[in-house]
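Enquirer: One structure follows; several queries about it will come next.
Read-outs throughout are calculated quantities, based only on the coordinates presented, and are distinct from any laboratory measurement. Everything quoted here is computed from the prediction, not taken from an experiment. FYI the Cβ positions are ideal-geometry reconstructions off the backbone, even for glycines, and counts take in every protein chain you see.
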């Protein structure tokens with residue numbers, strides 16, 4: 001992966017010469033430029049460097065896939081666990097920095113020292129001149145109590161790391177968002193939702209306790225019984241209340257598979273009815289255009305009924321991407337109303353990770369090809385957000401990347417009441433053109449239901 005980063009960054013440097021176009025051209029009134037040297041360079045890398053590397057790695061890795069997968073899990077478990085004493089020492093480092101900021105007269109605002117490129121936000125904050133507090137060392141599991149059934153984790157821990165630790169032990173937490181690279185702090189202080197939010201709510205509704213370092217440097221714990229006003233204010237606070245240093249989740253038994261039922265429909269009314277069900281643990285819908293929907297219902301199970309379907313390891317590198325797999329059911333015979341798969345639990349949790357729903361396809365359209373998946377699919381997911389941008393810049397040029405992806409591309413989350421779902425689809429279709437829309441039903445803690 002480091003070699004690939006170097007290659008892409010070399011390509012990125014070659015595009016800097018196109019930056020002067022930003023100040024002299026009306027980007028919204030021009031067509032795509034002709035193929036640039038850097039695009040040709042990118043294709044050369046793909047065909048003559050990455051493709052051979054992919055073939056060699058496929059030959060080396062494939063025979064040992066299961067063995068490597070086993071040891072990868074064990075490595076994650078050993079690298080992402082710390083003791084409560086180690087956690088207290090790390091929190092003390094955060095306190096020391098905050099108190100130093102207070103002692104210096106609070107001359108500027110505080111923020112985390114986390115690099116912008118490593119976050120999911122598209123609104124880059126210029127952190128120059130701000131008091132940057134180091135919190136990147138808070139990325140471990142602190143405690144797993146299988147008797148009292150709770151897990152305490154630090155905010156920098158990624159969801160993929162958490163599932164790699166809990167699921168082999170037979171446990172999971174109520175909400176696991178789809179991307180492996182989402183952090184615990186992000187889904188709490190931002191918005192974390194999953195297809196089982198229909199029963200649980202958002203990620204903040206699943207947590208039972210938080211630990212924060214406040215602006216005066218003090219550590220405070222909060223739950224529904226202790227500092228409850230702070231506890232209910234942390235979700236969606238975007239870090240404005242303090243530095244989150246630990247989150248406590250309940251753990252629930254995990255099963256081996258999710259039995260997934262696929263319902264293809266060409267009627268919004270039918271799709272809405274399918275999305276509104278309360279009979280399943282997981283409910284998700286994908287709209288491929290204004291009249292084509294596939295709604296999936298899922299339930300955890302330990303048994304596979306071969307009469308209904310077979311096991312589908314959807315996250316293996318050669319498998320079709322999830323949204324493409326789901327789309328295939330629109331082309332199935334209409335006399336079959338429901339199709340069934342048994343997806344391993346961790347694969348289902350992170351089913352959208354490899355191409356981040358369908359975002360990577362925008363920059364690498366050829367990645368849907370079976371040839372790409374079999375030979376180079378192992379490079380996905382691109383866990384580095386900056387690396388993803390380098391790919392787009394390399395393939396489209398600096399100006400072309402802005403034109404294709406930034407200025408003419410909308411990626412937006414909506415949380416709306418169910419009754420307003422259709423008007424929202426009509427609005428987005430009329431204003432920006434309907435391309436693709438993913439939805440999950442969420443039950444809020446105040447007993448209001450919504451779609452996102």
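Enquirer: Arrange the following residues from fewest to most other Cβ atoms within 10 Å of their Cβ: 257, 374.
Expert: In increasing order of surrounding Cβ atoms, one gets 374, 257.
Enquirer: Would you mind putting 209-218, 228-237, 189-198 in packing order, based on average other-beta-carbon counts within 10 Å, highest first?
Expert: 189-198, 209-218, 228-237
Enquirer: Could you list 279, 145 in order of exposure, starting from the residue whose Cβ has the fewest other Cβ atoms within 10 Å?
Expert: Listing 279, 145 from fewest to most nearby Cβ atoms yields 279, 145.
Enquirer: Just rank 351, 306, 114, 291, fewest to most, by other beta-carbon atoms within 10 angstrom.
Expert: Exposure proxy ranking, most exposed first: 306, 291, 114, 351.
Enquirer: Going by the alpha-carbon gyration tensor, a ≥ b ≥ c the square roots of its eigenvalues, is region 117-252 rounded (a/c under 1.5) or, if a/c is not under 1.5, prolate (a/b greater than b/c) versus oblate?
Expert: Since a/c reaches 1.5 and a/b is larger than b/c, the shape of region 117-252 is classed as prolate.
Enquirer: Take every Cα pair under 8 Å in region 111-237 that's 6+ residues apart, average their separations, divide by the length, and report that relative contact order as a whole percent.
Expert: After rounding, I find 15 percent.
Enquirer: What percent does the relative contact order of region 262-339 come to when contacts are Cα pairs within less than 8 Å and at least six residues apart?
Expert: Rounded, it is 35 percent for region 262-339.
Enquirer: With the cut-off at 1.5 for a/c, could you classify region 290-364 from its C-alpha gyration tensor as rounded, prolate or oblate?
Expert: Oblate, because a/c is 1.5 or more while a/b does not exceed b/c.
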